[in-house]
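To start, the structure itself, in structure tokens.
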Amino acid sequence: MFENLSERLSGVFDRLTKQGALSEDDVKTALREVRVALLEADVSLPVARDFVKAVQEKATGQAVTKSVTPGQQVVKIVHDELKHVLQGDNEEPGELKIDNPPAPILMVGLQGSGKTTTTGKLAKRLTDKNGKRVLMASLDIYRPAAMQQLAVLGQQIGVDTLPIVPGETAVQIAKRAKQQATLGGYDVYMLDTAGRLQIDEVLMKEVEDVRDAVNPRETLLVVDGLTGQVAVEVAEEFDGKIGISGVVLTRMDGDGRGGAALSMRAVTGKPIKFVGLGEKMDALETFEPDRIAGRILG
Ligand code: GDP
């Protein structure tokens, strides 16, 4: 998921750790290379700049350059800073607020981002790992095929879907899902909203109306991790208009450069809760900043 970045950074840090003594200039040179590597991974410029500045401040003190293993100290500082940029002052990774049944989870995002697939993956996870009873409903009134797709997924993973009733509005479907979830004793109901190829007013208004109708406990934005900084821009827009509680980054199994993962929290203030790592229904992982930082540093 971060192969290129990881390779670049390990080149820089290998050199640094092999050097016995380190001057402040050595650290500065290494950090310049770190900055270039981050930008090449499609991390947004202000995030890369702040990151390097924070590391520099911590790494140029006497304690580091005069220590016995200065290179390793710098690597440790970079690790901690990576963790910080990925996590912010985050609570538990991947935790969803799904107490008080039935808890509505609103799934939003552009068409093709992996929203329906992720709805299925998450429903399966909540069922298998958390022992929750989940109901899924597709609100995509524009694409009957999308409604069908969710129904088929539901059968595959053994999760109930709301029966399809043609002619309803998205809000009507959402209200019916809520009613069925309440009557049927479900813990969670997931609303898979319609996506568009790009953000438009009609889409946003519809999602806002659904949000107001069910008052979701979680509003998860699904974005394509391969799109790098664009993914972060999409998240800012959705958050500004709808208010999101977290992000799921999909296609992190692809050879994307990973920048979206690194910029998301710092730019939007919203946590990445899960990453999608393939098309299969179990290809979903919780986003754990500590482990990811370790993975980036190899
Ligand atoms: P939606 O239009 O946002 O609902 O997108 P879909 O859920 O239909 O997904 C679009 C395509 O992306 C499908 O072929 C999915 O199998 C694929 N997809 C979704 N998530 C992932 C992922 O994490 N990794 C990979 N490689 N493919 C994914």
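Placing unit charges on the Cβ atoms only, positive for Lys and Arg and negative for Asp and Glu, gives region 18-148 a dipole magnitude near 460 debye about its Cα centre.
Exceedance of the 23 Å cut-off in Cα-Cα distance is limited, within the set LYS132/LYS270; LYS175/LYS273; LYS129/LYS205; LYS97/LYS178; LYS115/LYS273; LYS175/LYS241, to LYS132/LYS270; LYS175/LYS273; LYS129/LYS205.
Using Cα pairs closer than 8 Å and at least 6 residues apart in sequence, work out the relative contact order for region 1-135, in percent.
Answer for region 1-135 is 20 percent.
Among the trypsin sites (Lys or Arg not before Pro) found in region 39-135, those both in a DSSP coil and sparsely packed, with 15 or fewer other Cβ atoms within 10 Å of their Cβ, are LYS66, LYS97, LYS129. Taking 0.36 nm per residue of separation and subtracting the current Cα-Cα distance, fully stretching the chain between SER10 and ASP200 would add 64.2 nm.
Near LYS270, once Lys and Arg are set to +1 and Asp and Glu to -1 for all other residues with Cβ below 10 Å from its Cβ, the sum equals 0. In this calculation the C-beta distance from LEU39 to ASN100 is compared with R0 = 45 Å, giving a FRET efficiency of 0.55. Compute the FRET efficiency between LYS28 and GLN155 as 1/(1 + (r/R0)^6), taking r as their Cβ-Cβ distance and R0 = 45 Å, and round to the nearest 0.05. The formula returns an efficiency of 0.15 here.
Assuming charge only on the beta carbon of Lys and Arg (+1) and of Asp and Glu (-1), the dipole of the chain about its Cα centre is about 360 debye to the nearest 20. Note on the chain: antiparallel DSSP beta bridges, both residues inside, total approximately 10 percent of the bridges counted. Count Lys and Arg as plus one, Asp and Glu as minus one, and take only other residues whose Cβ is under 11 Å from that of GLY120; the net charge is then +2.
Across q = 0.06, 0.08, 0.15 Å⁻¹, the chain modelled as identical point scatterers on its alpha-carbon atoms has Debye log10 I(q)/I(0) values of -0.23, -0.39, -1.04, in the order of the q list. Structural descriptor for the chain: relative contact order 26 percent, calculated from alpha carbon pairs under 8 angstrom and at least 6 residues apart.
Where Lys and Arg each count +1 and Asp and Glu each count -1, what net charge lies around GLY184 among other residues with Cβ under 12 Å from its Cβ? Don't jump to the answer; show the numbers that get you there.
Numbers: positive: ARG133, ARG176, LYS178; negative: ASP160, ASP187.
That sum, taken over residues with Cβ under 12 Å, equals +1.
Between LEU183 and ALA283, the simple spin-label model (points 7 angstrom out along Cα→Cβ) gives 3.8 nm. The translational diffusion coefficient of region 36-113, from Stokes-Einstein at 25 °C and 0.890 mPa s with a Kirkwood hydrodynamic radius over alpha carbon pairs, comes to 154 µm²/s.
Out of all DSSP beta bridges in region 173-298, what portion is antiparallel? Express it as a percent rounded to 5. Rounded to the nearest five, the antiparallel share is 25 percent. The modelled label-to-label distance for the pair ASP89/TYR142, using points 7 Å beyond Cα in the direction of Cβ, is 3.9 nm.
Placing a pseudo-label 7 Å from each Cα along the Cα-to-Cβ vector at VAL68 and ASN215 gives an inter-label distance of 6.0 nm. A straight Cα-to-Cα reach below 23 Å connects LYS66 with the lysines LYS18, LYS28, LYS53, LYS58, LYS76, residues fewer than 8 places away in its own chain not being considered.
Where a number appears in this text, it was derived from the coordinates with a stated rule and is not lab data. Keep in mind the model is a prediction, meaning the values are calculated, not measured. Neighbour counts run over all protein chains shown; Cβ positions are idealised from the backbone, glycine included.
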